[in-house]
Amino acid sequence: MFDMMTDIPLFRDLKPEQQKLIEPLFEAYACPPGTVIFEQGDEVTYLYLILRGKVEIQYKPYDGPSITVTHLSEGDGFGWSAVTGSKYYTSGIVAREHVEAVRIRGTDLRQFCIAHSETGTILLDKLAQVVSPRWKNAHIEVKSILKQSMGASDCMKGESEMVSPVHSEEQQIRGLIDQISAYVEQFHGGSVDFVSLSDNILKVRLGGACIGCPLSPTTLHGWVAGTVHQFFPNIQVEAV
């Protein structure tokens, strides 16, 4: 298992003693193509980090058929609801190739961060690096969201490189929408603007290339709502 941990680029630069602390938290996972690893609405258990293979993220809006949000492959992670402490997965995952991965229980991760504050901080930082590559300058924002969502403030005490705290849910969501918009603009020429947040209803406005685009519902329900639900499962997303 220790050799497998070194296959994960994010863990290669950890000190040997830190790798040994983290290693018992993870277990190996493998499945053939076509396996439904978990479905949207299943009870949350694990966060997965892909070593080899490819999976498909599927999201089903309440008022429509399932859509494919994206594909993930080596180096990516899925099942982030386990990190944020959500009760149910907000999207489904299907293996499209033979998958080899490691996985960690969300409860074990949170307990580890409390018991081993220094290494826990490093682990959260590296998990944020997994979430954020598709978003422009998203790493710091995602790291803040992971810390806040896990209630891991005790885990971060005494760290010299603390990220400035995000003081309210609305500020967190505004920051997340900014990062999603940067990604949509970079890859699709569109934009997503925060409009309002009230009674757990987040209203956003799609702009740029999203205006009149037949794929704008996919952008809204997949990229925007799907990502928001990973961090804020009680928030519903609507377009204005």
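Each reported figure results from applying straightforward, stated rules to the coordinates on display, with no laboratory input. Note that the structure is a prediction, hence the values are computed from the model and not measured. Don't worry about glycine lacking a Cβ; one is built from the backbone with ideal geometry, like all the others, and counts go over all protein chains shown.
Listed values, structure above:
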| read-out | value |
| --- | --- |
| Computed Kirkwood radius, in angstrom, where 1/r is averaged over Cα pairs of segment 169-239 | 11.8 Å |
| Net dipole in debye of segment 169-239 [+1 Lys, Arg Cβ; -1 Asp, Glu Cβ; about Cα centre; nearest 20] | 140 debye |
